[in-house]
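Enquirer: Following this message is one structure expressed as structure tokens.
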Amino acid sequence: MDGVLTNFHERFAELYGPEALGFRDKKNFTVYWPDFIQNKQFEKLDWFPGGQELLKYLRGKNIEIEILSSSGGQKHHDEVTEQKKVWLKKQGLTYKPNIVTGRKHKAEYATPETILIDDTEDVVDSFNKAGGIGILHKDVNITLSRLESLLNI
């Protein structure tokens, strides 16, 4: 969801400042993480640019769509899972949500017929190594082009 459908980075930076997004500096990021969750920010995220366009394209194909997202860890898993489900419901999205405790678990969903669209390179690499088809999402037009190639083979 985050970085494909929802704009997590924008909301986090808006609340805590751009320096709080120091994902490479986990200490800086984790200071604000509990507050973000306690204030149910996952329910309030804006759409990621191109997210609605991507879903519109996928709806036009005869494929099963599910959501695969990470809760960011076991400690807040239940709260984050519920918030992400609320966001989906608010958007009228009824796709099956698969919320895992960490991004490393996304590879467990890999099959030769499964396509994962994700904004994190190591997640896509792990998914591909596990036998799935991962698309690194940075720009909706590039992702749509890649999907068009894959789905029309």
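We did not get these values from a lab; they are worked out from the coordinates using the rules stated. Quick caveat: nothing in here was measured; it's all calculated off a predicted structure. Positions of Cβ are generated from backbone atoms using ideal geometry, with glycine treated the same way; all protein chains shown enter the neighbour counts.
Enquirer: Loop only by DSSP, 15 or fewer other Cβ within 10 Å of the Cβ. Give me the chymotrypsin sites (Phe, Trp or Tyr not before Pro) in segment 51-137 that pass, ordered by residue number. Write down the numbers at each step before the final one.
Expert: Details: sites: TYR57, TRP87, TYR95, TYR109, PHE127; in loops: TYR95.
Sites meeting the loop and neighbour criteria: TYR95.
Enquirer: Which values of log₁₀ I(q)/I(0), to two decimal places, follow from the Debye formula for the chain at q = 0.14 Å⁻¹ with a uniform point scatterer at every Cα?
Expert: One equal scatterer on each Cα of the chain leads to -0.70.
Enquirer: Ok, one more. Among the trypsin sites (Lys or Arg not before Pro) within segment 1-95, which fall in a DSSP loop and have no more than 16 other Cβ atoms within 10 Å of their own Cβ? Please list the in-between numbers first.
Expert: Working: sites: ARG11, ARG24, LYS26, LYS27, LYS40, LYS44, LYS56, ARG59, LYS61, LYS75, LYS84, LYS85, LYS89, LYS90; in loops: ARG24, LYS40, LYS44, LYS61, LYS75.
Answer in residue order: ARG24, LYS40, LYS44, LYS61, LYS75.
Enquirer: With the Cα gyration tensor of segment 99-153 giving a ≥ b ≥ c as the square roots of its eigenvalues, does the rule (a/c under 1.5 for rounded; else a/b larger than b/c for prolate; else oblate) give rounded, prolate or oblate?
Expert: Details: a/c = 2.40, a/b = 1.44, b/c = 1.67.
Since a/c reaches 1.5 but b/c is at least a/b, the shape of segment 99-153 is classed as oblate.
Enquirer: Between the DSSP loop rule and a limit of at most 11 other Cβ atoms within 10 Å, which GluC sites (Glu not before Pro) in segment 52-91 are left? Don't skip to the answer; put the middle values down first.
Expert: On the way: sites: GLU53, GLU64, GLU66, GLU79, GLU82; in loops: GLU64.
When the GluC sites (Glu not before Pro) of segment 52-91 are filtered for loop state and at most 11 Cβ neighbours within 10 Å, GLU64 remain.
Enquirer: Further question on the same structure: Cα to Cα, under 16 Å, and not fewer than 8 places away if on the same chain: which lysines meet these conditions relative to LYS44?
Expert: Reachable lysines: LYS84, LYS85, LYS89, LYS90.
Enquirer: Where nothing but the Cβ of Lys and Arg (+1) and of Asp and Glu (-1) is charged, how large is the charge dipole of segment 48-151 around its Cα centre, in debye to the nearest 20? Please report the intermediate quantities before stating the final value.
Expert: On the way: 15 positive and 15 negative charges, 58 e Å.
The dipole of segment 48-151 has a size of about 280 debye.
Enquirer: Among ILE133, VAL100, LEU116, which residue has its Cα positioned farthest towards the positive end of the charge dipole of segment 48-151, with +1 placed on the Cβ of Lys and Arg, -1 on the Cβ of Asp and Glu, and the dipole taken about the Cα centre?
Expert: Sorting the options by dipole projection puts first VAL100.
Enquirer: Could you check the spin-label model distance between ASN128 and THR114? Points 7 Å from the Cα along Cα→Cβ, value in nm.
Expert: Here the modelled spin labels are 1.7 nm apart.
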